[in-house]
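Before any comments, here is the structure.
The values are calculated or read from the model by the stated rules, or taken from the named source; none is laboratory data. None of these values were measured; they are calculated from a predicted model. No Cβ is skipped: glycine too gets one built from the backbone with ideal geometry, and neighbour counts run over all protein chains shown.
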Amino acid sequence: MTPSPRSGRLPWSRRLALVALLLSVAAGPGGALAQAEEEAHPPLADLAPEPRLLTGTLARIKRTGTIRLGHRVDAVPFSFLDARGRPVGYALDLCRAVADDVAAELGLDALPVQLVPVTPDDRLSRVAAGEVDLDCGSTTSTVDRQRLVAFSPTTFVSATRLLVRADSRARALRDLRGRKVAVTRGTTAVAVVQDLSARSGLALELVAARDYREALDLLGDGRADAVAGDEVLLRGVLAERRAGKGYRVVGPALSHEPYALAFARGDPAFAAVVRRTFRRLAGSRDVVHVYNRWFVRPLPSGERLRLPMSRELEELWRIQGLPSDGS
């Protein structure tokens, strides 16, 4: 049957065939539908990645081109000055590793480091105020301090102990009833000794020192009968001065002191870089070499601390990925 000249209509079968033909042409490689679809949904390979919005510490470092590391001058072997006056130490080595990873995170070939001297008294307040990006010293991570700053995974575990002169009869805190005990301002030892003195009725007189060097001077010239402080730092200042024979570390541990690097709170992007650095150092076993450099091998003074990594600290690094088979 042929279409009526007046209607001009095609049969249904031919209409359907014509529609199918038009669709196949449009959907082909060069068809209009295919082109429209490609423009609406371009291939992933052709999409340019959107720039990541930097915030917090990373944004400031990117803007200024510098990372600021807070360092101590007397916290042997964590952060101190060598004979040439250069800041060196275990914690500073860890911080420099973080700086390398920050540079990689920001796509920088190099990232200049600004070394900022801090004290036990002002280190955390300067981090909280944004004056220091990373505190590289012997700072204990405590619940109270975590309200002010954030902390990296643990870098070392120490304990508060007593240092006395070699001729002293004191063997424990109770032997110092009514005597003078030197403590460094801004350290956890202040609260530890105050609390123990109050609970045990020892009536200890605390003598505040600026740092461990001054505390040792107070003990050495008789202005204090003992120094209360972190054992590793007490041994460190003795090694620095080669004065080990004139003093003794005595008594049981008065507190548990887990050290960590401190940085600004509420900065998840920077915290992620810090954690990634710790995993890298652990997985490659580089942290073992860094540790041995400061705690096993000779210090710049020529003295040795002879403190191999404890089982507790080794286990903490294993959590970060340190291989257990020594490979």
Residue in the stretch 262-284 that is of a type in the set (A, V, I, L, M) and under 22 Å from ALA191 (Cβ atoms) present: yes
Filter result for the condition that a residue is closer than 23 Å to ASP93 by Cα and either assigned by TED's automatic domain parsing to the domain that holds ALA228 or out of contact with any Phe, Trp or Tyr (no Cβ under 9 Å at 6 or more places or on another chain) (or both), over ALA170, ALA215, ALA209, ALA159: ALA159
Count of the stretch 270-303 residues which are among the basic types (Lys, Arg), more than 20 Å from ARG241 (Cα to Cα) and assigned to a helix (DSSP H, G or I): 4
Selection status of ALA159, outside any loop (DSSP other than H, G, I, E, B), touching a residue at least 12 places away in the same chain (Cβ under 8 Å) and under 31 Å from the mean Cα position of the chain (by Cα): yes
Of residues in the stretch 265-315 being of a type in the set (Asp, Glu) and closer than 13 Å to THR154 by Cα, the one surrounded by the most Cβ atoms within 10 Å (Cβ to Cβ): GLU314
Subset of the stretch 53-106 that is charged (D, E, K, R), over 29 Å from VAL296 (Cβ atoms) and touching a residue at least 40 places away in the same chain (Cβ under 8 Å) - its residue that is surrounded by the fewest Cβ atoms within 10 Å (Cβ to Cβ): LYS62
Verdict on ARG199 being surrounded by fewer than 20 Cβ atoms within 10 Å (Cβ to Cβ), in contact (Cβ under 8 Å) with a residue 60 or more places away in the chain and not hydroxyl-bearing (Ser, Thr, Tyr): no
Flag if VAL127 is out of contact with any Phe, Trp or Tyr (no Cβ under 8 Å at 6 or more places or on another chain) and surrounded by 24 or more Cβ atoms within 10 Å (Cβ to Cβ): no
Where GLY266 falls short, out of the listed (1) in contact (Cβ under 8 Å) with a residue 40 or more places away in the chain; (2) closer than 23 Å to LEU234 by Cα; (3) outside any helix (DSSP H, G or I): (2)
Whichever residue in the stretch 202-212 is surrounded by fewer than 17 Cβ atoms within 10 Å (Cβ to Cβ) and farther than 18 Å from ASP175 by Cβ and, among such residues, is farthest from the chain's Cα centre (by Cα): ALA208
So GLU312, is it assigned to a helix (DSSP H, G or I), of a type outside the set (A, V, I, L, M) and not assigned by TED's automatic domain parsing to the domain that holds ARG165: yes
